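Here's the structure we're looking at; comments come further down.
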């Protein structure tokens, strides 16, 4: 089961948000939830919302398909923060000038996938060698040894 969630135009720079998203990439959902809940960074709150949304989307998808759902088996498969549109503003500066202010935004995207272990394959019956096969193998081994001795002389 795989699901994703995207939050666009978060009013924080992508560079600051990437510091937090790097902490949870590849973690289990429960561990990522704990990291985000106790992080001091402001970006953690927004990323936590996106993570919860992705888990809810996975639950809804499982419900639609009639598949069993366990949030503890989900992992953060893909987590990225991209730059969004920059809001450009101006403030007053000395001698009647204006200086630009760039209010940066970002887009957060998180994919969660189940960490399902593949089912073990059916055990194949062991192939038993016949009594003649070991004798043949030993005979061919002796022949190669004789040939190497003749070649070396």
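Where a number appears in this text, it was derived from the coordinates with a stated rule and is not lab data. A quick note: this is a predicted structure, and the numbers were derived from the prediction, not measured. Cβ placement follows ideal geometry from the backbone for every residue including glycine, while neighbour counts extend to all protein chains displayed.
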Residues in segment 35-49 that a label on residue 72 would reach, taking backbone N under 16 Å of a point 7 Å out along Cα→Cβ: none
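Between residue 25 and residue 63, what FRET efficiency comes out of the Förster formula 1/(1 + (r/R0)^6) with R0 = 22 Å and r the beta carbon distance, rounded to 0.05?
0.25
FRET efficiency for residue 52 and residue 85, Cβ-Cβ distance as r, R0 = 22 Å, nearest 0.05?
Working: r = 25 Å, r/R0 = 1.13.
Using R0 = 22 Å, I get an efficiency of 0.30.
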Between segment 92-114 and segment 1-59, the Cα center-to-center distance that results, in Å: 19
